[in-house]
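Student: Please find one structure pasted underneath; my questions will follow.
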Amino acid sequence: MQFNPRYPTLPARLYHMQQPLPLKGAKAGHFNAALAKELQWTAEEQQQWVEICSGQTTFKEFPALAMVYAGHQFGQWAGQLGDGRGLLIAQVLDTQQRTIDLHLKGAGATPYSRMGDGRAVLRSVIREYLAGHALNALGVPSSNAVGFTSSTQGVQREKLELGAMLLRTSDCHIRLGHFEWINQYQPELLPEFVQKCIEWHYPECLAAEQPVLAFATQVIQRTAVMIAKWQLVGFAHGVMNTDNLNLTGSTLDFGPYGFMERFRPNWINNHSDYQGRYTYQQQPSVAHWNLWVWLNNLIPLEQNPNQKEHWKQALAACLEYFEPTFLEHYKLGLCEKMGLPSFHKDSFDCATNFLRILQSEQLDYTQSFIRLQNKQYTKILDDCLDRRQWESFLAQYLQIREHQDTDALDAAMQQVNPHYILRNHMAQKAIEQAERDDFSEVERLFNLLSQPYIQQTALEKPEDLAPLPSDVPEVMVSCSS
Ligand code: AMP
Ligand code: MG
C-alpha cells in the first residue's frame, strides 16, 4: 500500500491514538480482492488480509487513531461522540491516486465509547459489508469494505452474538458532526480544520473568490445528489444523524438501513425510530436540516462583527442549492427509470402516477421497474386491484413514448433499473448461515450484487426477486449493532 497519512497532521485534540484490540479466534469472513487491488495492496498484504481485517496487523506508516466528533441524534444535540468502536488504521492512495481511509470497525473501546463495548457483531458487519458493496455497484456514492472477519468471541446485544470486524473504506470519515465538536469544545481549531477539509476534499474550491462558500455549496450539492440516488434505488439509511453524514456526500455508517421492497414512502425500516424521523420520504428534508445545522458551524469563520450578518446570509444562500440539485437529479433519474424523455412536459407527472400505483397496490419497487422495462404490462395489471388506475396510467405512458426514440430510452432503462437490491431477508439468510460458520451465502450475494443491472439467472434465487409474502413477519432491524 502507498500510505498518505494526512489526518494525523491535524491537531492532536481531534483524535486519540491507539492500537486495535483483536477478538478471540479471529477467522476469515469475506474478502473483496478487487477492491484490495484498487487500493494497491501487494500480494503479501492480500495474503495477510485476515490479520489486517482483524486488527492483528497494523502499519508502522500510520498511527491508528479514533476520531472525535459530536452530533445531533434524532434532532437533539448529543454532545461529544466519536469513533467508539472503530479506528482509522490507514490512509492510502488507490490506483487513481485518490486518498482512501481504511477504518477498522469493532476494534475495541476508545475514549469515545461512552457506554458501549467497542465491538461490532457479525450480523451488523455482514449487513454493512453487503450494503456498501451493493450501493457501490449500483453507482451510489458509498463507503465500501475490503473484507470482514468473524471470531469465537461472544458480544452481548439483545442476545449473545459473535464479535466481528469490518475493514471499511471511504473517501472521507469527516462527518458534519466534526464541525459541531470543534465549535463546542475547541473553536480555535475551526479555521485550520476547514482549510484542511477544502485542501483534501474540495481542492478546486481553493481558487474560488470565496473558497469557504464554494466549499459549502459543493458539500450541499454532493449531499443532494447522494440523497437523490438513494431515493431512486429505494435506499433508506435509517439513522441520518449529523454524525452519520460525511463531507463528501458518500453513504456512511450503515445501521438499520433498508432497501425498500413494497413501495411505501413512509416506511420506517429502523424500529428504534419511533417517530418516523428517518423514513424514506423524509430523507431529502432531513438531509437539508442536517446541512443547515452544519452551515451554522461555519458562521464563526467570520470574526468581524460588521461582516457577520452578511456572512450568515451568504452561508444561508448556499443551502438554496440543495433543493434544485436534488430535484434535478431525482427527476432526471426517475424519467430514465421510466423510459420517458426528461424534456417532455408530462413525463414526471406520468412517473409519479406510476409510483402512486406502486403505493396503492403495494407493489415491489425494484421489480415493478423491471417489469415496466420488460414491457410486462399485463403482469403488473394482474397484481392490481384497481385496473382502471393502471389502464389510465398505461395510456398516458404509451402516448408520451409514441413519437420518441424508444430504443434509446429502453437502453437507458437497462442502465438504471437494478434486478437486484439487498432485501433484508436476503441479508438475514446470509447472516444466519455465517453464524454457523458457512459464508457461502455471503459469497453468493456478494457476486449477485456486484452486477445489479445484469440479470444473472445462474446465481439468482426466487427470494432475491420479491418481498416476503405479506403474512410472513418482516425482518426487524434496530439501532442495536
Ligand atoms: P451510530 O448511531 O451507530 O452511528 O453510533 C453513534 C455513536 O455511538 C458513535 O459515536 C459510535 O462510535 C458509538 N457506538 C455505537 N456502538 C458502539 C459500541 N458498541 N461501542 C462503543 N461505541 C459505540
Ligand atoms: Mg455513526
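Student: Let me confirm something: among G238, G249, which residue is away from ligand 2 (no atom under 14 Å from the Cβ), open to solvent by less than 10 Å² (accessible area, probe 1.4 Å) and part of a loop (DSSP other than H, G, I, E, B)? Even if it seems obvious, please write down each step before you answer.
Tutor: On the way: G238 fails: away from ligand 2 (no atom under 14 Å from the Cβ).
Just one listed residue meets the conditions, G249.
Student: For H310, indicate whether it is assigned to a helix (DSSP H, G or I), of a type outside the set (D, E), closer than 25 Å to M226 by Cα and open to solvent by 60 Å² or more (accessible area, probe 1.4 Å). It would help to see each step written out before you state the result.
Tutor: On the way: assigned to a helix (DSSP H, G or I): yes; of a type outside the set (D, E): yes; closer than 25 Å to M226 by Cα: no; open to solvent by 60 Å² or more (accessible area, probe 1.4 Å): yes.
For H310, the condition - assigned to a helix (DSSP H, G or I), of a type outside the set (D, E), closer than 25 Å to M226 by Cα and open to solvent by 60 Å² or more (accessible area, probe 1.4 Å) - is not met.
Student: Pick from the range 205-226 the residues that are closer than 15 Å to L319 by Cα and within 14 Å of the chain's Cα centre (by Cα): which of them is nearest to ligand 1 (Cβ to nearest atom)?
Tutor: Going through the qualifying residues, I end up with T223.
Student: Do we have Y202 as under 21 Å from E302 (Cα atoms), among the hydroxyl-bearing types (S, T, Y) and within 16 Å of ligand 1 (Cβ to nearest atom) here?
Tutor: no
Student: While we're looking at this one, here's another question. Residues that are within 16 Å of ligand 2 (Cβ to nearest atom), over 15 Å from L135 (Cβ atoms) and not acidic (D, E): does the range 198-206 have at least one? If you could, list the steps in order and put the result at the bottom.
Tutor: The first filter runs over the range 198-206 and keeps only residues within 16 Å of ligand 2 (Cβ to nearest atom), leaving none.
No, the range 198-206 contains no residue that is within 16 Å of ligand 2 (Cβ to nearest atom), over 15 Å from L135 (Cβ atoms) and not acidic (D, E).
Student: Which one is surrounded by the fewest Cβ atoms within 10 Å (Cβ to Cβ), of the residues in the range 252-270 that are of a type in the set (A, V, I, L, M, F, W, C) and within 12 Å of ligand 2 (Cβ to nearest atom)? First the steps, then the outcome.
Tutor: Of the range 252-270, the ones of a type in the set (A, V, I, L, M, F, W, C) are 252, 254, 259-260, 263, 267-268.
Those still in the list that are within 12 Å of ligand 2 (Cβ to nearest atom) too: 252, 254.
Numbers: L252: 23, F254: 26.
Here the answer is L252.
Student: Can you find a residue that is within 14 Å of ligand 2 (Cβ to nearest atom), open to solvent by less than 10 Å² (accessible area, probe 1.4 Å) and among the hydroxyl-bearing types (S, T, Y) anywhere in the range 108-116?
Tutor: Start the filter on the range 108-116 by keeping residues that are within 14 Å of ligand 2 (Cβ to nearest atom), which leaves 110, 112-114, 116.
Imposing the further condition that a residue be open to solvent by less than 10 Å² (accessible area, probe 1.4 Å) reduces the set to none.
Scanning the range 108-116, I find no residue that is within 14 Å of ligand 2 (Cβ to nearest atom), open to solvent by less than 10 Å² (accessible area, probe 1.4 Å) and among the hydroxyl-bearing types (S, T, Y), so the answer is no.
Student: What about A208, is it in the same structural domain as E302 (by TED's automatic domain parsing), surrounded by fewer than 16 Cβ atoms within 10 Å (Cβ to Cβ), more than 30 Å from R123 (Cβ to Cβ) and not basic (K, R)?
Tutor: Values: in the same structural domain as E302 (by TED's automatic domain parsing): yes; surrounded by fewer than 16 Cβ atoms within 10 Å (Cβ to Cβ): yes; more than 30 Å from R123 (Cβ to Cβ): yes; not basic (K, R): yes.
Considered against the rule, which asks whether it is in the same structural domain as E302 (by TED's automatic domain parsing), surrounded by fewer than 16 Cβ atoms within 10 Å (Cβ to Cβ), more than 30 Å from R123 (Cβ to Cβ) and not basic (K, R), A208 comes out as yes.
Student: Do any residues in the range 1-25 that are touching a residue at least 12 places away in the same chain (Cβ under 8 Å) have Cβ atoms under 7 Å from those of residues that are open to solvent by 70 Å² or more (accessible area, probe 1.4 Å), where the two are at least six apart or on different chains, and which pairs are they?
Tutor: F3/E61; P5/E61; H16/P111; P22/Q56; K24/T152; G25/T152
Student: Here is a further query. If A78 satisfies every condition in (1) within 9 Å of ligand 1 (Cβ to nearest atom); (2) touching a residue at least 60 places away in the same chain (Cβ under 8 Å); (3) crowded, with 22+ Cβ neighbours inside 10 Å but one, which is the exception?
Tutor: Of the numbered conditions (1) within 9 Å of ligand 1 (Cβ to nearest atom); (2) touching a residue at least 60 places away in the same chain (Cβ under 8 Å); (3) crowded, with 22+ Cβ neighbours inside 10 Å, the odd one out for A78 is (3).
Student: Quick one: count up the residues across the range 83-102 that are within 13 Å of ligand 1 (Cβ to nearest atom) and open to solvent by less than 10 Å² (accessible area, probe 1.4 Å). First the steps, then the outcome.
Tutor: As a first pass, look at the range 83-102 and keep what is within 13 Å of ligand 1 (Cβ to nearest atom): 83-88.
Subset that is open to solvent by less than 10 Å² (accessible area, probe 1.4 Å): 83, 86-88.
Count: 4.
Student: Also: Does any residue in the range 431-448 that is charged (D, E, K, R) come within less than 6 Å, Cβ to Cβ, of a residue that is surrounded by 15 or more Cβ atoms within 10 Å (Cβ to Cβ) six or more places away or on a different chain, and which pairs are these?
Tutor: Once the first residue is charged (D, E, K, R) and sits in the range 431-448, its partners that are surrounded by 15 or more Cβ atoms within 10 Å (Cβ to Cβ) give E441/K429; E441/A430; E441/Q433.
Student: Restricting to the range 416-444, name every residue that is closer than 18 Å to Q367 by Cβ and polar (S, T, N, Q).
Tutor: Answer for the range 416-444, where residues must be closer than 18 Å to Q367 by Cβ and polar (S, T, N, Q): N417, N424.
Student: Given the options D273, D243, name the one that is crowded, with 19+ Cβ neighbours inside 10 Å and within 11 Å of ligand 1 (Cβ to nearest atom). Please lay out each step first, then the result.
Tutor: Numbers: D273 fails: within 11 Å of ligand 1 (Cβ to nearest atom).
Being crowded, with 19+ Cβ neighbours inside 10 Å and within 11 Å of ligand 1 (Cβ to nearest atom) holds for just one of D273, D243, which is D243.
Student: Next question. Under the condition of being open to solvent by 10 Å² or more (accessible area, probe 1.4 Å) and either without any contact (Cβ under 8 Å) to a residue 60 or more places away in the chain or not assigned by TED's automatic domain parsing to the domain that holds E38 (or both), which residue from the range 122-158 is farthest from V233 (Cα to Cα)?
Tutor: G154
The values are calculated or read from the model by the stated rules, or taken from the named source; none is laboratory data. The model shown is predicted, which means the values in this text are computed figures rather than measured ones. Here the Cβ is made from the backbone with ideal geometry for all residues, glycine too, and neighbour counts use every protein chain on show. These area figures cover heavy atoms from the full protein model, side chains too; ligands, DNA and RNA do not enter into them. Shrake-Rupley method; radii C 1.70, N 1.55, O 1.52, S 1.80 Å.
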